[in-house]
Amino acid sequence: LLVCVMAGAGAAAVAARAPKPLPAAALALCVCVVASRVAALWPALDFSAVAVLATHGAAALAAVPEGGLLLSHTDLHWNPARYLRACEGARPDVTHLSLQLLPYPWFARQRPLHPRMKRWPDVAAASTDPATERYERLVEDVATGNLDAFPAGIYLDLHGVHEPHIGRLGSWRGRWNLVPWGLHYRIVAAGAVQGDAGEWLARSLAEIDRLKAAYEGGPPSPDRFRVGSWEIAAGAAYNDAHSCVGCNPTRGALSWSIIDSRTRFRTGALPDRTIRADAGAGAARVRARARGRPRVRRRATRRAAPHGPRGRRRRLAPRASVVSRGRRGEERPPGRSLSPRRARGGARPRGPGSTLWQR
């Protein structure tokens with residue numbers, strides 16, 4: 001906008017100083033310059049046929065059953081669904097709230113627009129940061145006061161919860177379970193999942209199939225859209241929805257491996273397990289392999305500094321070792337001491353010669 005204003009001011013200044021009438025050649029030159037830039041940039045900037053955000057909003061609404069409560073936190077989750085409901089009349093049966101707007105004092109005037117809400121939370125000390133206790137208390141108050149008012153369920157934005165606070169089987173704050181549900185988490189009372197984890201997993205995978213069907217050509221690619229755009233953010237949410245149930249977005253449906261110990265929906269206490277679920281039959285067969293190993297860091301490659309002895313590079317085979325701390329707080333294998341120069345705080349190798357560690 002600033003560039004356009006400055007260009008307009010410059011054009012007005014030139015026109016004011018130019019002889020009257022402005023020569024036809026000058027007008028033709030200006031038109032040619034503008035037309036050439038439009039022709040060069042139009043293919044890259046023409047998004048008239050792009051419907052990524054519309055697809056994202058439609059997929060978010062489609063995952064909510066009739067009469068459900070949808071809680072949004074991010075702009076990506078709130079704006080597309082809000083537009084579809086307010087401007088195109090989609091899903092009037094869904095109650096849609098923004099956890100970013102709920103704590104504002106002026107939002108009290110909006111409460112009559114949501115008559116199905118049974119009890120509103122206390123927002124006097126609420127926060128909008130998902131990592132804080134005050135934000136989690138806000139979400140918990142909404143769920144506690146309205147779970148009975150919405151038999152179809154309460155659905156929380158996938159990015160509206162701090163991942164490290166989610167435990168085994170999606171346990172959250174000791175009273176709830178967060179079940180992956182497409183682009184959302186479904187908030188259910190604690191104990192509901194433990195009784196039939198296979199059934200809940202099958203329903204989660206069914207929502208993943210619904211999400212994949214919405215994105216017929218797959219998620220948006222960085223080859224088509226600029227990194228940092230809303231389209232790429234929608235693609236990241238698409239991939240996050242798969243990772244919540246240990247799914248690889250590039251594989252086929254109904255056969256997934258949960259291999260990450262930080263996976264937010266696990267069917268057991270051990271991080272290494274393979275799950276195969278049949279969504280049609282609603283049953284799951286779980287094979288778990290116990291691995292009683294401590295958390296380790298693997299040393300992949302250690303190279304001598306470019307200015308090191310004889311200028312040689314030395315490669316060591318990867319080996320696992322329990323992490324310990326050196327004198328200066330650096331991580332090193334047990335039994336390996338620092339050189340006298342480094343122990344005294346001397347210079348360290350820089351650049352590609354530094355020791356590499358990977359988790």
Those residues of segment 22-58 which are part of a helix (DSSP H, G or I), open to solvent by less than 70 Å² (accessible area, probe 1.4 Å), under 15 Å from Arg226 (Cα atoms) and modelled with pLDDT under 85, in sequence order: Ala44
For Arg85: the one exception among (1) surrounded by 14 or more Cβ atoms within 10 Å (Cβ to Cβ); (2) over 28 Å from Arg137 (Cβ atoms): (2)
Check on Thr132, under 23 Å from the mean Cα position of the chain (by Cα) and more than 19 Å from Leu183 (Cβ to Cβ): yes
Top-ranked residue in segment 169-223 [being of a type in the set (Ser, Thr, Tyr) and in contact (Cβ under 8 Å) with a residue 24 or more places away in the chain; ranked as nearest to Leu138 (Cα to Cα)]: Tyr185
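The values are calculated or read from the model by the stated rules, or taken from the named source; none is laboratory data. Note that the coordinates shown come from a computational prediction; the quantities given were computed from them, not determined experimentally. As a convention, Cβ positions derive from the backbone with ideal geometry for all residues, glycine included, and neighbour counts pool all protein chains shown. With ligands, DNA and RNA removed, areas are computed over all heavy atoms of the protein, side chains included. Shrake-Rupley method; radii C 1.70, N 1.55, O 1.52, S 1.80 Å.
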